[in-house]
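All remarks here apply to the structure that follows.
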Amino acid sequence: MIRRLMVLAIALVACATEQKKPDTAEQKKTALTDDKQESPLLAPWHGPWNGVPPFGKFKVAEIKTAMEKGMAQNLAEIDQIATSPEPPSFENTIAAMERAGQPLSRASAVYGVYTSTMNDDEMQKIQSDISPKLAAFNDKIVQNAKLFARIAAVYEKRQGLNLTQEQQRLLWLDYSGFVRNGANLDDAAKKKLSDLNQELAALSTRFSQNLLAEEGTEMILLESEADLAGLSPSLREQAAAAAASHGKPGKWAIVNTRSSTDPFLTFSTRRDLREKVWRMFVMRGDNGDAHDNNSTIAQMLKLRAQKAKLLGYPSYAHWKLEDQMAKTPERTVALMEAVWKPAVGRVREEVADMQAIADKEKARMKIAPWDYRFYAEKVRKAKYDLDENDVKPYLQLEKLREGMFWVAGQLFGFKFVPVTDGSVPVYQPDVRVWEVQDQAGKHVGLWYFDPYARQGKNSGAWMNEYRPQSRLLGEPVIVSNNANFVRGKPAEPILISWDDATTLFHEFGHALHGLNSKVTYPQLAGTSVPRDYVEFPSQLLEHWLSTRQVLDQFALHFQTGQPVPAELVKKIERTQTFNQGFITVEYLSSALVDMKLHLAPAPTNDPRQFEKDTLAAVGMPGEIVMRHRTAQFHHIFADGYEAGYYSYLWSDTLSADAWEAFQEAGGAYDKAVVKRLHDDVFSVGNTVDPADGYRAFRGRDPGIGALMRKRGFASPTATMQKAAR
Ligand SMILES: [Zn+2]
């Protein structure tokens, strides 16, 4: 995952991505003379390598004032550009916008770190206060008519300007981004759009708060030993702690979150309780009570449709998809439908396998949604003979980190040197920093690593960029990887699961995408690519974990030092396609409903019924429920993934296809394919259309054959063709 902070208007309208723009020497002076008592959050960064974030040198309360002041300064700079007496040129308009807003970029970098990893009560209040202000700030820039007139003037004379390919793309992204967001509308329509945006922001907050309330208060209480049947000691401990923290000491609680309900549904032998827990979880936001989200959703869909109409698009999905790699909703639906049928076919097989086990146990029942995880686990053990506990001793967090560094060296010539002299401050003592150098020992950037779970830190794992690479501003890139590993005892290695190891490599893929960037303009740097393309480099990098070279050198038993046996690796590899019917259908049903909700020209005012009808029409298997039902679909009502949940599948189509390019050549470390990967994917950021970049790498457009093979959905003929190759 990649966390994108919706901060700077220019970046936001162009490609909905986070941008942090560093400083130039000249503007450093101006900024300093503007205000002698400037906050360290806005001031140019001090320290080695053109400065590093000023962690430890400010109070949290200053983040709010710095953000407000940074926005005001940025608006003043934008006004200067808009009212320049010079005739509009690429340099004094488009490039000038790239140089503007650096104090805000610096403050935003810290704001992003604190809202995602240090989000205590004080920070949450600041966030509630700042986010609507950021929305208004964005609108002010997009709706600045003088600014847009200059952008449009440059755009109209673009043919005669002798622009580089990158400049042409930046100009097009700026121009089309402004148009897409209403810069061409008349004043009345602009006002209406701005009102819609603010109303949508408020509804989105209400949606989140409703969901938070249901996830935070509802639980299933387990009263006695009999209710705990099947649960491991660690799961019992977690449930006891959850009950105690909800004022029920001495009992056990399954709270209403995925991390609490999933293990219960997987391991509890109490079918009646599994059903109760399942019902609680899938009904979040849909209970017809004070926190029911259906009317909020209906209102949001209505306003989104109005917004699309105001901007001249047939549907909200058409508006949203235009600047993505997919470009049209129809192409995403075609992909989803192509995968849907074989995935449902696989579900039928999975259910048959599970039913066979249930029948053998004389369970006298038919597999229901609350049985899927439980019986899938039994099938996994019976069919693949793989116990996760056999693998873990070989997966030491720090050894795998060394393995990632080794891969970065093999693929991109990078060397990681730990920074231990205290010259780079961190926001939390657990955070460590490495300097990244190229083959010649030249400085490339910095990599921050924040591996452990703690209060106030978002769950999951992600990459964050503190400062993008750009030749224009001449300052090196700074990125971070963040995770939620549970810290062990000092001096004991932290052992992680195969899934977690895969995630580690995934996030490192995002970091390498940022570190390899070689572009001129910061808005186009590294990971600032469309949402349906950004997961491609990171999903691809996951594959290097299972290469023999990495496993032999870095997957070492924490006691014996022996590498993981080939036999065990084979077992892991065989389970890669296990349960893919369930995983794909659970995900894809959500992605399909998302797209259809936003494709409807007259949006539904009954989201619950719409969901039911849509699933019936596609033939949803009765044994599975959507991964995110509409009433609880945070991605699409509060996270910017609306008409965009398909992105994961789209990116996976590319990464599966790209991995086969290595297989067809000399393997994972094939020099020629690696070079193309660097030149056409990892280094170009958003300077080329992603479809063109991919074609340059692969020599053709991606097909879905590789994705089908990866998930084990290949038709017999496709498999035979592959084998014959
Ligand atoms: Zn990712």
*What is the distance in Å between the Cα centres of the stretch 261-327 and the stretch 591-664?*
10 Å
*Taking a probe of 1.4 angstrom, what is the accessible area of ILE63 in Å², to the nearest 10?*
0 Å²
*In Å, what is the Rg of the alpha-carbon atoms in the stretch 100-216, and how long is Dmax?*
18.4, 59
*Of the accessible area of the stretch 478-592, with the probe set at 1.4 angstrom, what percent is carbon plus sulfur?*
53 percent
*On the full set of protein chains, 1.4 Å probe, figure out the accessible area of MET283 and give it in Å² to the nearest 10.*
60 Å²
*Whole-percent carbon and sulfur share, accessible surface of the stretch 80-208, 1.4 Å*: 51 percent
*Arrange the residues SER208, SER655 by how much accessible surface each exposes, largest first, with a 1.4 angstrom probe.*
SER208, SER655
_Selection from SER517, GLN238, VAL379 lying farthest towards where the dipole of the chain points positive, charges on Cβ_ = VAL379
*Is there a pair in LYS59/LYS125; LYS302/LYS596; LYS276/LYS381; LYS146/LYS327 whose C-alpha atoms are over 24 Å apart, and which pairs would that be?*
LYS276/LYS381; LYS146/LYS327
*Hey, can you find the accessible area per residue of the chain for me, probe 1.4 Å, expressed in square angstrom?*
41 Å²
_Cβ charges +1 (Lys, Arg) and -1 (Asp, Glu), total dipole of the stretch 518-582, debye_ = 40 debye
*Using a 1.4 angstrom probe and counting only protein chains, how large is the accessible area of MET620 in Å², to 10?*
40 Å²
*Note the angle between two axes, namely the Cα long axis of helix 647-664 and the longest principal axis of the Cα atoms of the chain, as a number of degrees from 0 to 90, rounded to the nearest 10.*
80 degrees
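Leaving ligands and nucleic acids out of the surface, order GLU68, GLU611 by accessible area at 1.4 Å, largest first.
Heavy-atom accessible area, descending, gives GLU68, GLU611.
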*Over the alpha carbons of the chain, what is the largest minus smallest coordinate on each principal axis, giving the biggest first in Å?*
85, 59, 59
*Using only alpha carbon pairs under 8 Å that are at least six residues apart, calculate the relative contact order of the chain and give it in whole percent.*
16 percent
*Antiparallel bridges, percent of DSSP beta bridges restricted to the chain (to nearest 5)*: 75 percent
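The values are calculated or read from the model by the stated rules, or taken from the named source; none is laboratory data. All values derive from a computational prediction rather than experimental measurement. Note: ideal-geometry Cβ built from the backbone for every residue, glycine included; neighbour counts use all protein chains shown. These area figures cover heavy atoms from the full protein model, side chains too; ligands, DNA and RNA do not enter into them. Shrake-Rupley method; radii C 1.70, N 1.55, O 1.52, S 1.80 Å.
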